[in-house]
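Student: Have a look at this one.
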Amino acid sequence: MDAYIPLIVAAILVVVILISAVRIVPQARRYNVERFGRYRTTLQPGLNFVVPVADRINTKLDVREQVFSSHPQPVITEDNLVLNIDTVLYYQITDPRAAAYEVGDYLQAIDQLTVTTLRNVIGSMDLERTFTSREEINAQLRTVLDDATGKWGIRVNRVEIKAIDPPSTIKEAMEKQMRAERDKRAAILHAEGERAAKILTAEGTRQQEILEAQGDQQGQILRADGEAKAVERVFQAVHHNDADPKVLAYKYLEMLPHLSEGENNTFFVIPGEFTEAIKTVSSAFGADAQATAPTGSPGPERENQADDDPTVHDDELRELTEGESAGMNASESAEYAAKLAQDAVSEARAQAAAAENSGEGSRNR
């Protein structure tokens with residue numbers, strides 16, 4: 001039994017040595033191996049073998065793309081304003097040996113390099129340009145970091161400015177400026193809207209007036225055409241029927257009262273031929289009455305000849321034009337003249353009717 005103890009111990013040692021000689025590296029990882037304190041190789045993902053006791057794993061690095069966010073750093077602009085700027089950095093280890101042996105702490109080195117580069121870039125810009133030139137700042141930072149970190153086995157894929165924080169007083173001034181700009185744009189837009197509305201309203205009013213004027217013109221033309229046709233038909237009817245002066249005088253007396261119609265008519269003149277028209281109508285009805293009466297019988301119109309004499313109407317018209325017309329207005333004068341004309345026509349018709357009655361009485365006797 002004692003003879004098997006050394007064999008068992010030897011077997012255990014062999015197993016331990018074999019286990020310590022095997023290294024399994026995960027995917028996207030790199031292990032730097034040192035032999036007796038000197039860099040020997042970098043283990044790749046998978047199963048690897050090392051020499052026990054002589055070889056050891058120095059650093060384990062992740063070669064995936066990493067994100068590093070720095071703390072806010074104070075930066076002075078060209079116009080002497082202090083800004084706090086946060087940056088975010090995307091990097092990837094391309095050479096594990098250089099990342100482990102070329103720089104002590106590559107994250108701290110990248111952070112400090114970013115701050116110094118950012119101060120150099122921002123120091124040549126004013127505040128307004130700083131807010132509007134982020135792409136330019138990012139490009140300059142990436143160029144400088146690529147040149148510096150290449151020998152460290154690190155590739156900087158992207159650099160972004162996460163935040164730019166100006167002082168509180170500058171924020172208030174910027175807010176006031178932005179508010180003033182918005183108010184200005186709103187006032188301009190409102191004024192342009194009112195201008196466009198007034199222009200459209202003026203154009204609409206102009207079109208309306210043009211259309212109304214055209215409508216009035218067409219209406220006047222149509223009314224004038226209608227009046228012309230009416231006058232033409234009346235003229236043709238008068239000439240076709242061969243109207244005598246008696247009919248014309250009667251129509252004249254009928255139209256006389258319409259001379260004073262109208263809202264703005266304040267003056268009325270009695271025509272001089274008014275008496276002639278009355279005489280013509282009176283004589284016409286009187287002639288008809290005499291023609292129907294018998295020649296030998298004395299009619300009552302002979303007895304009242306003085307009352308039916310047209311000179312009576314002349315005296316009344318003279319009184320109208322000389323005496324009473326001075327106190328009458330246009331409408332009253334026209335009504336009075338029309339009354340005289342109507343009375344003359346009525347008397348003439350009454351004489352004609354009396355003559356017809358006397359003639360029938362004589363025939364009955």
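Student: Would you check if there is a residue in the stretch 34-51 being in contact with a Lys or Arg (Cβ under 6 Å, 6 or more places away or on another chain) and of a type in the set (Gly, Ala, Ser)?
Tutor: Checked against the condition, which is being in contact with a Lys or Arg (Cβ under 6 Å, 6 or more places away or on another chain) and of a type in the set (Gly, Ala, Ser), the stretch 34-51 yields no hits at all.
Student: Here's another thing I want to ask about it. Anything in the stretch 127-143 that is assigned to a helix (DSSP H, G or I), of a type outside the set (D, E, K, R) and over 17 Å from Phe68 (Cα atoms)? List them, or say none.
Tutor: We begin by selecting, within the stretch 127-143, every residue assigned to a helix (DSSP H, G or I); these are 127-132, 134-143.
Still in the running and of a type outside the set (D, E, K, R): 127, 130-132, 137-141, 143.
Correct list: Leu127, Thr130, Phe131, Thr132, Ile137, Ala139, Gln140, Thr143.
Student: Would you check if there is a residue in the stretch 82-96 being assigned to a loop (DSSP other than H, G, I, E, B), in the same structural domain as Ile161 (by TED's automatic domain parsing), at pLDDT 85 or above and charged (D, E, K, R)?
Tutor: The first filter runs over the stretch 82-96 and keeps only residues assigned to a loop (DSSP other than H, G, I, E, B), leaving 94-95.
Narrowing the set further to residues that are in the same structural domain as Ile161 (by TED's automatic domain parsing) leaves 94-95.
So of that shortlist, the ones also at pLDDT 85 or above come out as 94-95.
Checking which are charged (D, E, K, R) leaves us with 95.
Yes.
Student: Which pairs turn up if I take residues in the stretch 63-90 that are free of Cβ contacts under 8 Å to residues at least 12 places away in the same chain and look for partners that are part of a strand (DSSP E or B) and not hydrophobic (A, V, I, L, M, F, W, C) with beta carbon separation below 7 Å, at least 6 apart in sequence or on another chain?
Tutor: Going by the 7 Å Cβ cut-off, the qualifying pairs are Pro74/Asn84.
Student: Going through Ala191, Ala180 one at a time, which residue ends up being modelled with pLDDT of 85 or more, surrounded by 10 or more Cβ atoms within 10 Å (Cβ to Cβ) and over 30 Å from Ile122 (Cα atoms)? Full working, then the answer.
Tutor: Working: Ala180 fails: over 30 Å from Ile122 (Cα atoms).
Result of the check over Ala191, Ala180: Ala191.
Student: What are the residues in the stretch 114-143 that are closer than 15 Å to Gln73 by Cβ and either of a type in the set (Val, Ile, Thr) or surrounded by fewer than 19 Cβ atoms within 10 Å (Cβ to Cβ) (or both), if any?
Tutor: Residues of the stretch 114-143 closer than 15 Å to Gln73 by Cβ: 114-123, 130, 137, 141.
The answer is Thr114, Val115, Thr116, Thr117, Arg119, Asn120, Val121, Ile122, Gly123, Thr130, Ile137.
Student: Name the strands (runs of 3 or more DSSP E) wholly within the stretch 1-74 that hold at least 1 residues that are loosely packed, with under 10 Cβ neighbours inside 10 Å and on the phi > 0 side of the Ramachandran plot?
Tutor: Numbers: elements: 22-25, 29-35, 38-43, 46-49, 55-62, 66-69.
Qualifying strands (runs of 3 or more DSSP E): none found.
Student: Inspect all residues belonging to the stretch 20-42 and state whether any of them is polar (S, T, N, Q), in contact with a strand residue (DSSP E or B) (Cβ under 6 Å, 6 or more places away or on another chain) and within 25 Å of Thr143 (Cα to Cα).
Tutor: Step one: list which residues in the stretch 20-42 are polar (S, T, N, Q), which gives 20, 27, 32, 41-42.
The next check asks that each one be in contact with a strand residue (DSSP E or B) (Cβ under 6 Å, 6 or more places away or on another chain); those that pass are 32, 41-42.
Applying the additional criterion that residues be within 25 Å of Thr143 (Cα to Cα) yields none.
No.
Student: Among the numbered criteria (1) more than 57 Å from the chain's Cα centre (by Cα); (2) buried (at least 18 other Cβ atoms within 10 Å of the Cβ), which one does Leu89 miss?
Tutor: Unmet condition: (1).
Condition check ((1) assigned by TED's automatic domain parsing to the domain that holds Arg97; (2) at pLDDT below 85; (3) not aromatic (Phe, Trp, Tyr)) across all residues:
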residue	(1), (2), (3)
Leu7	no, yes, yes
Val14	no, yes, yes
Val22	no, no, yes
Pro26	no, no, yes
Thr42	no, no, yes
Phe49	no, no, no
Val53	no, yes, yes
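Student: Oh, and also: Within the bounds of the stretch 112-120, is there any residue that is more than 54 Å from the chain's Cα centre (by Cα) and hydrophobic (A, V, I, L, M, F, W, C)?
Tutor: yes
The values are calculated or read from the model by the stated rules, or taken from the named source; none is laboratory data. If you're wondering where the values come from, they're calculated on a predicted model, not measured in any experiment. We place every Cβ from the backbone using ideal geometry, glycine too, and count neighbours over all the protein chains shown.
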